[in-house]
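Everything on this sheet refers to the single structure shown next.
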Amino acid sequence: MLVRLNKFIAESGYCSRRKADELIKNKKVYVNDVCILELGTKIDTENDKVVIDGNILKKPQENIYLMLNKPKGYITTNKEQFSRKATIDLIKEEQRVFPIGRLDKDTEGLLLFTNDGDFANLMMHPSHLIEKTYIVETDSDITKEKIYKLKNGVDIGGYITREAKVRKISKNRLEIVISEGKNRQVRRMCQAVDINVINLKRIKYGNIELGNLKLRRLQIFN
């Protein structure tokens, strides 16, 4: 069966399609011992051998979808070089999976993993505007003016955020729903309006909810 090389790499669970294209551009992908340079290359999944950094890729038998309640203190990466705690250490799957998006070290909550590159791309691509819901705890004064600014877009360093859904839950808690995925976006949004974040938790990604899943626990989702 002939498929695009980036699709095969993504379905193997090695990385997303976008990352696969970057690997091809950077001359990291070999098919039958030949370095591949063209992004549109197709391969025979039954007979061709695909190798990246010495790893022989195999198409998985089935797609895997996992949700993790990420604790603080873990970074979101599949390759950790500095002996820091990584979320992948909490995954006990034999088949390789990768995270869908990221949560920074100090943020807890819902983090998704899969080996399905198409699904990962659907969830992460900016054009799809998938909403992500966060609970912000603060020791700062949450005024109506600050909420208005967050809702209508703030400058987080040369970038004006899109409109967001923001509501005050209690005296020191906010719910913020964004459809973007800029680095540390919610923290930077709050910083832009002088809200001091003391705890940040993601509770929903698209229509997938964290629910009552305990810290460090995994759960399969469909």
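Does Thr114 satisfy the criteria of being touching a helix residue (DSSP H, G or I) at 6+ places or on another chain (Cβ under 8 Å) and crowded, with 16+ Cβ neighbours inside 10 Å?
Working: touching a helix residue (DSSP H, G or I) at 6+ places or on another chain (Cβ under 8 Å): yes; crowded, with 16+ Cβ neighbours inside 10 Å: yes.
Taking the combined requirement at face value, the residue satisfies it.
Does Ser16 qualify as being surrounded by 15 or more Cβ atoms within 10 Å (Cβ to Cβ), within 30 Å of Lys201 (Cβ to Cβ), touching a residue at least 60 places away in the same chain (Cβ under 8 Å) and among the polar types (S, T, N, Q)? Against the criterion (surrounded by 15 or more Cβ atoms within 10 Å (Cβ to Cβ), within 30 Å of Lys201 (Cβ to Cβ), touching a residue at least 60 places away in the same chain (Cβ under 8 Å) and among the polar types (S, T, N, Q)), Ser16 qualifies. Close contacts from the range 192-221, counting a first residue that is free of Cβ contacts under 8 Å to residues at least 60 places away in the same chain and a second that is exposed (fewer than 14 other Cβ atoms within 10 Å of the Cβ), with Cβ to Cβ under 8 Å and a gap of 6+ residues or different chains, come to Ala192/Asp155; Asn196/Asp139.
Please verify whether the range 55-78 includes one or more residues that are touching a residue at least 12 places away in the same chain (Cβ under 8 Å), under 25 Å from the mean Cα position of the chain (by Cα) and in a helix (DSSP H, G or I). The answer is no, given that none of the residues of the range 55-78 is touching a residue at least 12 places away in the same chain (Cβ under 8 Å), under 25 Å from the mean Cα position of the chain (by Cα) and in a helix (DSSP H, G or I).
Listed residues Gly158, Gly181, Gly153; which is surrounded by fewer than 12 Cβ atoms within 10 Å (Cβ to Cβ) and not basic (Lys, Arg)? Walk me through how you get there before you give the answer.
On the way: Gly181 fails: surrounded by fewer than 12 Cβ atoms within 10 Å (Cβ to Cβ); Gly153 fails: surrounded by fewer than 12 Cβ atoms within 10 Å (Cβ to Cβ).
It is Gly158.
Just so you know, all these numbers are worked out from the coordinates, no wet-lab data involved. The shown structure was predicted, so the numbers you read here are calculated from the model rather than taken from an experiment. Please note: Cβ atoms are built from the backbone with ideal geometry, for glycine as well, and neighbour counts cover all protein chains shown.
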